[in-house]
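Notes to accompany the following structure.
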Amino acid sequence: MAEVGVHTIAEIRSQAEIWRASLARSRPARRAGPVTIIGCGSSYYVALAAAHAIGATAQPASEALLYPEVTLPPGGTLVAVSRSGETSEVLAALDVARRRGLRILGVTCAPEGTLARVADDVMAFPEAAEASLVMTRSFTTMLLGLLRWGGAPFDLTVPPDPGPREADRLVYLGAGPRFGLAMEGALKVQEMSLTPAVAYHPLEFRHGPIALVGPGTLVVLLRGEAGRVQETKLADELRKRGAEVLEVEAGLPAATVPLQLLGYHRAIARGIDCDEPATLSRCVKLDLGGNDR
Ligand code: F1P
């Protein structure tokens, strides 16, 4: 059998080095007016995590496109996150933001891409681009760049590899800036290993979804300082119900790495080539005619 996931694992393991190289590329900036951060898929989850950490708002690019009056306050800045710089909803949202007078900062791994060409300012991290289809180091590197840009603290200490885990149901929980990471963890295991997974804010999980928890459930809990006591109680309760709880204690962006590894290990166990999942494309290009306001 051909080797699978070779790019993915090399890219996951290269992150600490890539972050160091990229740190010089981003520095705290003075911001005027409200900041909206947009993206699609993993890049939207970069936006979610960064927005919480730096005091901005995150939206999927499609929401900026469809509801600009609500999502793009005039006089502010639009930060558009896209590894490829070519995702249709992101590019269409730029036109809308421009018409509303927003300044545009592009965050990308493609310095020659359309986003970098049309943005007013650009933070480009070409060294973080992947050969693999699935985003790993581009996620953490663009997130780190935005944390630096917004003057938020960051953590580069990577937690241990969780190794392969058996489970029928996968749940990712994270509060505050870790909610975006929980969404990314669920997306990684879906994209890499074609396994369904869900993500919630930790205490939201009790309000219904906990009904499905039992033996065979793996809950990945991204621990944060603010929720220390309540998250401990939740972990105990989930274990009592028979779930395996994997607790990840780290800051942003380092806490993302074990989530990527979980997706990778599961893909390998299932014989899926996570370098190039057959049912996915590297970026989504749509005909948005009729929706571009
Ligand atoms: C965003 C993205 C990826 C996802 C998928 C399609 O791309 O949604 O996160 O894995 O394969 O594209 P980009 O705008 O960051 O290039």
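The values are calculated or read from the model by the stated rules, or taken from the named source; none is laboratory data. All values derive from a computational prediction rather than experimental measurement. Glycine gets a Cβ as well: all are built from the backbone with ideal geometry, and neighbour counts include every protein chain shown. Only protein heavy atoms, including side chains, enter the accessible area calculation; ligands, DNA and RNA are left aside. Shrake-Rupley method; radii C 1.70, N 1.55, O 1.52, S 1.80 Å.
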Interatomic Cα distance distribution for region 169-269, bins of 5 angstrom, percent: 3, 14, 27, 26, 19, 9, 2, 0
Percent RCO, i.e. relative contact order, over the chain, from Cα pairs under 8 Å lying at least 6 residues apart: 22 percent
Region 64-109 versus region 243-273: alpha-carbon centroid distance in Å: 31 Å
Low-density loop cleavage sites - GluC sites (Glu not before Pro) in region 121-212, where at most 15 other Cβ are within 10 Å (DSSP): GLU166
Spin-label pair ARG228/VAL118, simplified geometry with 7 Å Cα→Cβ offset, distance in nm: 4.7 nm
Straight-distance crosslink candidates among aspartates and glutamates, where the alpha carbon sits under 19 Å from LYS240 and sequence neighbours closer than 8 are dropped: GLU166, ASP168, GLU204, GLU231
Estimated inter-spin distance, TYR67 and ARG25, nm [label 7 Å along Cα→Cβ]: 3.3 nm
Percent accessible area from carbon and sulfur atoms, the chain, protein chains only, probe 1.4 Å: 53 percent
Ranked order, THR232, THR217 - accessible area, probe 1.4 Å, largest first: THR232, THR217
Residue-normalised accessible area of the chain, expressed per residue, 1.4 Å probe, Å²: 42 Å²
Helix 256-269 vs. the chain, principal-axis angle (Cα, 0 to 90°, nearest 10): 60 degrees
Crossing angle, helix 137-149 versus the chain [Cα axis fit, 0-90 degrees, rounded to tens]: 60 degrees
Kirkwood Rh in Å, taken over the chain so that all alpha-carbon pairs contribute: 19.3 Å
Potential lengthening between GLU237 and ARG270 on full extension [0.36 nm per residue; Cα-Cα distance subtracted]: 8.9 nm
